[in-house]
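The values are calculated or read from the model by the stated rules, or taken from the named source; none is laboratory data. Nothing here was measured: the structure is a model prediction, and the numbers come from that model. All Cβ positions, glycine included, derive from the backbone under ideal geometry; neighbour counts span all protein chains shown.
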């Protein structure tokens, strides 16, 4: 992503993106040093929100002048730095810290062989870590601060066995501090302190805002998955020939879009003086990022997509989310969200917190065989069927019980009566 403003001095400003989906952004990591030569469209800085990490690229060839330090809130349009052909001014003390690796040559040499941010480089040097032995979870396998912190937090790691006697240098105080294990407490057990990542803090703020803004109410139905299981068995190979993995989530997205006709208010947004009903159905699907948190890529205009189109788009977004390659537009504009919490074994979750400013969120529990009663040719029989709990958590300012149940009724009907030849 490239945001810039040209000024009269021959330099070009490096600014924070103007579109952020209403969330706060934090300047996460400078990928280049102050005074370093950069090339046009080369990533130079990472910004992080609760939804996505965005790379901001150099607007032109030149020399980078860093103006904003790491772990600083970056409002839309904020000036992050400048790129100029002129010799840069001395770096601010808070923007580029002296390399701790100078004190530890072996760690410095290992860090130099990898593309590490200054914050990560300082952290591995301070704790005498070999970055080549740590699995990176960032884009392209890049090592992140969370990766290093996770290693330090491990009980068996020598860096956490006992606190260092040496006080941290001023250079290291601007970074996220490394966790300190086995801290004795007079009133409780020993504990490990693991600093929150920027993403975790943003998620916490977003969730707190939702539960304090909207009164949450959850309704629960049960759905028989026999029809979609049979359909998937018959068509999965044909989808695979087109390079598309047909998952159950694709059916959920399609059924949710059809259910909107039964209660259009589910696809809406509350305002103080009116309710905004959306024509487009843009459905977000929660994608877990392990201990880092959750991200919600959005499938836009689902009402215009076939099952193949939904499955294809879902596959692309899921792969991008797991590899850290989502673009800002991939997480923007959602009008409804699905939480498929059953993939991790949960039968039921309540309340699933609404993704504000949306009005509802669908929860899908784990699939399991249950004994149910079915009427066949007028005779009741006991059968084992693949069943799952499905829930709709609503903003009670927007929706009442009748609308909620009408939506869930239609959703279950679509799932249970899926046409086998479609």
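If residue 402 meets every condition in (1) modelled with pLDDT of 95 or more; (2) more than 17 Å from the chain's Cα centre (by Cα); (3) crowded, with 16+ Cβ neighbours inside 10 Å apart from one, which number is that one?
Only one criterion in (1) modelled with pLDDT of 95 or more; (2) more than 17 Å from the chain's Cα centre (by Cα); (3) crowded, with 16+ Cβ neighbours inside 10 Å is unmet by residue 402, namely (3).
Residues checked against (1) in a helix (DSSP H, G or I); (2) out of contact with any strand residue (DSSP E or B) (no Cβ under 6 Å at 6 or more places or on another chain); (3) modelled with pLDDT under 95; (4) surrounded by fewer than 21 Cβ atoms within 10 Å (Cβ to Cβ):
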{"site": "325", "(1), (2), (3), (4)": "no, yes, yes, yes"}
{"site": "337", "(1), (2), (3), (4)": "no, no, no, no"}
{"site": "343", "(1), (2), (3), (4)": "yes, yes, yes, yes"}
{"site": "346", "(1), (2), (3), (4)": "no, yes, yes, yes"}
{"site": "351", "(1), (2), (3), (4)": "no, no, yes, yes"}
{"site": "357", "(1), (2), (3), (4)": "no, no, yes, yes"}
{"site": "363", "(1), (2), (3), (4)": "no, no, no, no"}
{"site": "372", "(1), (2), (3), (4)": "no, no, yes, yes"}
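Would you confirm, using the coordinates I've provided, whether residue 245 is within 13 Å of residue 360 (Cα to Cα) and under 26 Å from the mean Cα position of the chain (by Cα)?
no
Here is a yes/no grid of residues against (1) modelled with pLDDT of 95 or more; (2) surrounded by 15 or more Cβ atoms within 10 Å (Cβ to Cβ):
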site	(1), (2)
252	yes, yes
257	yes, yes
263	yes, yes
272	no, no
278	yes, yes
288	no, yes
294	no, yes
300	yes, yes
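So which of 408, 392 ends up being part of a strand (DSSP E or B) and under 28 Å from residue 332 (Cα atoms)?
It is 392.
I'd like the residue in the stretch 179-208 that is assigned to a loop (DSSP other than H, G, I, E, B) and at pLDDT 65 or above and, out of all such residues, is farthest from the chain's Cα centre (by Cα). Write out each step before concluding.
Step one: list which residues in the stretch 179-208 are assigned to a loop (DSSP other than H, G, I, E, B), which gives 179, 184-190, 194-197.
Pick out the ones that are also at pLDDT 65 or above and you get 187-190, 194-197.
Details: 187: 36, 188: 34, 189: 33, 190: 31, 194: 20, 195: 18, 196: 15, 197: 12 Å.
For the stretch 179-208, the residue satisfying everything is 187.
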